[in-house]
Structure formats: structure tokens, C-alpha cells
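Notes follow the structure.
The values are calculated or read from the model by the stated rules, or taken from the named source; none is laboratory data. Fair warning: this is a prediction, and the values are worked out from it, not measured in the lab. All Cβ positions, glycine included, derive from the backbone under ideal geometry; neighbour counts span all protein chains shown. Note: areas computed on protein heavy atoms with side chains; ligands, DNA, RNA excluded. Shrake-Rupley method; radii C 1.70, N 1.55, O 1.52, S 1.80 Å.
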Amino acid sequence: MITNLSRATLRSRHRLSHQQIDDILHENSGKEYLHEKLIQLQKLSSFLELTTKFDEQNLWYVVLKGPLLSHRIYGDPVVRIWRDFDFLTKPELVEKFIEILTFQGFEFVTSDWPAKKKRQRMYLQYGKHIDMRHPKTGITVEIHWKLFSDRLISPDLEWGLILDHIEQRELTGKSYNCFTNEFELLYLVIHGSMHAWFRLKWLTDIREMLVRLHIDREVFLKLSKEMNAGRFVCVCNRAIESYFPQCELLPCEISGCGKTGNYMLNQIKSASDQMNLTFFETVKAIQYKMSLSPKLRYKMDVFRLVTFNRQDLKYNFIPPFPVFFYLFRPFGIFLRKFQ
């Protein structure tokens, strides 16, 4: 159970806020989380300023997680800890967002946006987001054009579901696009299961949504079937049973997840942050992700982690065709390790 974990573990390893921990452990840390909330309020101010810039250019976007999820669950945008801002937009608008962020002083983090159109198309095809950070504030913004890098269904079907499950929500007097409760819940379930729930803050979101919000269980089950997400939901239920045993489980027609569930529970208990994995740990992680869906297309996308890396797009001497990047992949790994 989550109540068996210490405050220090829940805060540093699993990134829950002190206010959330108070609720879980039935404690009152009082002044402990006031400073934490002040930091979140400062970031909220930056969020409002940035989204105003987007709105001035009439850009279409959906807010993912962050302050809107906190406000949805708790009625307060700064209860949850959120470290960056995530926005989903259409692929053809990505460059506009990059222009605005660049003008505001943001810099690329993982990899630059390619200058040439062919490489841009490859970036859009093989990536799901681009991240930029402000060097002074430390705030990171992720612009997504896909929900997931590994395809559960075709992009057209996924976008159809996205557009069918968007609603307007207000935050500090401004209206934002966000997902309906059921689609938001499913998105969080898939995201958490892909990462083996190694941070309990994600599982806490699921538990709080089930307890505090109205979830149409039939709609959720229908969506999970349409997204081929049954195994993801099953793994989530296994985590809920272990850490929130009093919580109602998610509707799911799949029961039992065997070794997949065992791997997930070991990841939660591990002190690892899933960074700098060893070769053996990487193989195990790939096996776990592949086990989450029986679809061949999804498994091939997971395996692409081994064969393609978007960071290699910065090497202009590589012709802009996937086969050359597959061949270059081992050398790219060596170059990054050496650097």
C-alpha cells in the first residue's frame, strides 16, 4: 500500500506534492508545502503568459496534464507538482509554436528542429514532441503532435477520437481545450503503463480521478477498446490493487497480466529513475513495452527505439531517408556516449 511509504520517498522518488502526501498519509505538514505552492504559482503565471501568446496567434492546442489536470481533480491548479507544460497541436502548426517559443527566449533541449523540410517530415513521423527550455526560468515546454510515440491505432483514427473528446475548461478566467474525463483518464492510464508506473504520482492521479470525478464507465471501456488499450488498463488495475486496494478498479475485459504486472511492480519499488539504463535493463524495458499490445505495428514502433533516434537528424551528412538513419544508429549511440 502507498501508505507504507515514507514522506521522503513519496516526495523525492515519486514526486507527489506535500499536500497530496498529507491527504494520503492523513497528516498535516502545514508550512511544509507553502514554499512548494509558491513555486507552482510562479510557474502558473508563466503558463498563463505563454498561452496568451499562443492565443494571440489563434493557434489550436490542447493542454495536457499540468495545471488543468490539477484544477480538474482538486479544484486547485497548484496541488499537483508539474515540472513542464505539455501542449498537443496539429503537425502543421508545430513550426508556429517553435517560432513563438524561440522569440520568447526558449532553446531546444533534446534536439533542434531541422531546417530542411524532408528532415522535418521525418521528425514529425518518427517523433511525438519537441521540447524547449527557457535558460533563465528553467521552464520546459513540450509541443506534441502525437499522444504516443508507439502507435496503438492509426494516426487518423487517433486524431478522430481526440477531436471527438475535447471540451472547454476555464482556468483563471481563460478557456482552454482539454480532454473529456474519460479520454483524459485513458490517456493517463496508457502513459503510466508505458512507463511501468514507476512514479506513483501518476497512479495517484488515476485514483483521485476515480474517487473525485464522474467517469462514465461504459464510455471509458468503449474508448479503451477503440484504442486497443486493454492490456494497459489491466496493468493499471494491478497497480491500483497493490497501492490503493480500497479504490474501485477501472472497467476492463482483460484480467491478469502475469509477468508484465510483476515487472511493473518491481519498477515502482526500484530506486531507479529509468535514466541511464544498463543494456540488460533496456532489453527488459523493451520486452515489457512490447507485451502491452498484441498489435504488430505497435511492437515495431517499440523496437524502433533500438533502430532510430531523432537526435541523429542533426547530422546533415546523413541523407534524409530512414534506411540511412537505421544504419547510422550504432554510430550515433557511440558519438553521444563519447560526448
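Here are the numbers for this structure:
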| read-out | value |
| --- | --- |
| Criterion violated by THR204 - all others in (1) under 21 Å from GLN19 (Cβ atoms); (2) over 16 Å from the mean Cα position of the chain (by Cα); (3) polar (S, T, N, Q); (4) modelled with pLDDT of 95 or more satisfied | (2) |
| Criterion (polar (S, T, N, Q), open to solvent by 80 Å² or more (accessible area, probe 1.4 Å) and assigned to a helix (DSSP H, G or I)) met by exactly one of ASN262, ASN266 | ASN266 |
| Top-ranked residue in the stretch 188-216 [being open to solvent by less than 10 Å² (accessible area, probe 1.4 Å) and not in a helix (DSSP H, G or I); ranked as nearest to MET290 (Cα to Cα)] | ALA196 |
| Residue pairs meeting the criteria (Cβ under 8 Å; at least 6 apart or on separate chains; first more than 26 Å from THR137 (Cα to Cα), in the stretch 100-120; second of a type in the set (D, E, K, R)) | GLN120/GLU95 |
| Hey, VAL219 more than 29 Å from ARG83 (Cα to Cα) and in contact with an Asp or Glu (Cβ under 7 Å, 6 or more places away or on another chain) or not | yes |
| Unique residue being in contact with a helix residue (DSSP H, G or I) (Cβ under 6 Å, 6 or more places away or on another chain) and either within 22 Å of ARG297 (Cα to Cα) or surrounded by fewer than 20 Cβ atoms within 10 Å (Cβ to Cβ) (or both) when the list is ALA229, ALA239 | ALA229 |
| Residue, farthest from LYS117 (Cα to Cα), within the stretch 286-315, restricted to residues that are modelled with pLDDT under 75 and either of a type in the set (A, V, I, L, M, F, W, C) or open to solvent by 50 Å² or more (accessible area, probe 1.4 Å) (or both) | VAL306 |
| Some residue of the stretch 24-38 being part of a helix (DSSP H, G or I), polar (S, T, N, Q) and either more than 27 Å from TYR187 (Cα to Cα) or open to solvent by less than 30 Å² (accessible area, probe 1.4 Å) (or both) | no |
| Given (1) open to solvent by 10 Å² or more (accessible area, probe 1.4 Å); (2) in a helix (DSSP H, G or I), number of the condition LEU185 does not satisfy | (1) |
| Of all residues in the stretch 4-58 being small (Gly, Ala, Ser) and touching a residue at least 40 places away in the same chain (Cβ under 8 Å), the one that is nearest to ARG133 (Cα to Cα) | SER46 |
| Count - residues of the stretch 231-265 that are among the β-branched types (Val, Ile, Thr) and at pLDDT below 90 | 1 |
| The stretch 123-163, subset open to solvent by less than 10 Å² (accessible area, probe 1.4 Å) and part of a helix (DSSP H, G or I), residue nearest to PHE317 (Cα to Cα) | TYR123 |
| One residue from TRP113, TRP145 being within 26 Å of ASP301 (Cα to Cα) and touching a Gly at 6+ places or on another chain (Cβ under 9 Å) | TRP145 |
| Residue under evaluation LYS90, criteria (1) open to solvent by 30 Å² or more (accessible area, probe 1.4 Å); (2) at pLDDT below 95, criterion not met | (2) |
| Close pairs (8 angstrom Cβ cut-off, 6 or more residues apart or separate chains): under 14 Å from TYR263 (Cβ atoms) in the stretch 276-302, open to solvent by 80 Å² or more (accessible area, probe 1.4 Å) and at pLDDT below 90 anywhere | ILE286/PHE303; ILE286/LEU305; MET290/PHE303 |
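To keep it simple, each residue is scored yes or no on (1) assigned to a helix (DSSP H, G or I); (2) touching a strand residue (DSSP E or B) at 6+ places or on another chain (Cβ under 8 Å).
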{"site": "LEU44", "(1), (2)": "yes, no"}
{"site": "PHE54", "(1), (2)": "yes, yes"}
{"site": "TRP60", "(1), (2)": "no, yes"}
{"site": "VAL63", "(1), (2)": "no, yes"}
{"site": "PRO67", "(1), (2)": "yes, yes"}
{"site": "PRO77", "(1), (2)": "no, yes"}
{"site": "TRP82", "(1), (2)": "no, no"}
